[in-house]
Amino acid sequence: CDATLATRGAIVLTKWAPIGQLTVLSEPACSNQGRLGRDQDSRYYYSRLTTQAEHLQALGHGSTFMGLSADELRPLHVPEPPLQRQCTITEHIA
């Protein structure tokens with residue numbers, strides 16, 4: 001099993017039916033998907049990914065239910081400013 005413990009505050013993004021739903025974990029949980037690095041503000045990425053939910057849904061494919069592959073997510077552009085700038089941006093949009 002490739003599952004590891006995702007910490008409180010990690011972002012969860014659904015890749016399979018439904019696509020593009022987001023949440024920030026309030027408790028640790030197991031995950032076998034990628035996570036943000038240590039010097040990232042999950043609130044910043046949550047706010048940026050939320051604005052792209054419709055785009056994520058449009059990228060979906062499948063016959064039984066819609067899904068996204070890592071190849072489809074890889075080109076998704078989310079600006080990566082330094083941590084302090086992420087925090088400043090998040091404070092102004094919250």
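Given +1 at the Cβ of Lys and Arg, -1 at the Cβ of Asp and Glu and no other charges, the dipole of the chain around its Cα centre is 100 debye to the nearest 20. Against the empirical 2.2 N^0.38 Å (N residues), the chain has a Cα radius of gyration ratio of 1.12. Here the Karplus relation 6.51 cos²θ - 1.76 cosθ + 1.60, evaluated at θ = phi - 60°, turns the backbone of segment 58-75 into coupling constants of 5, 6, x, 8, x, 9, 7, 8, 6, x, 10, 9, 4, 4, 7, 7, 3, x Hz, with x for every Gly and Pro. Relative to the dominant Cα principal axis of the chain, helix 83-93 is inclined by about 80°.
Considering only 28, 75, 18, the mean-square fluctuation computed in a Gaussian network model of the chain, springs between alpha carbons under 10 angstrom, is largest for 75.
Once the 1.4 Å probe is applied to the protein heavy atoms, the chain comes out at 70 Å² accessible per residue. Counting every Cα pair in segment 54-94, what percent are over 16 Å apart? Cα-Cα pairs in segment 54-94 separated by more than 16 Å: 55 percent. Each residue of segment 41-57 is assigned a 3J(HN,Hα), and the resulting list reads 9, 4, 5, 4, 5, 4, 5, 6, 5, 4, 6, 10, 4, 5, 4, 4, 4 Hz, derived from the Karplus form 6.51 cos²θ - 1.76 cosθ + 1.60 (θ = phi - 60°), x at Gly and Pro.
Heavy atoms only, probe 1.4 Å: what % of the accessible area of the chain goes to carbon and sulfur, would you let me know? Roughly 53 percent of what the probe reaches on the chain is carbon or sulfur.
The values are calculated or read from the model by the stated rules, or taken from the named source; none is laboratory data. Quantities reported herein were computed from a predicted structural model and do not represent experimental measurements. Cβ atoms come from the backbone with ideal geometry, glycine included; neighbour counts cover every protein chain shown. Side chains included, ligands, DNA and RNA excluded: accessible areas come from the protein's heavy atoms. Shrake-Rupley method; radii C 1.70, N 1.55, O 1.52, S 1.80 Å.
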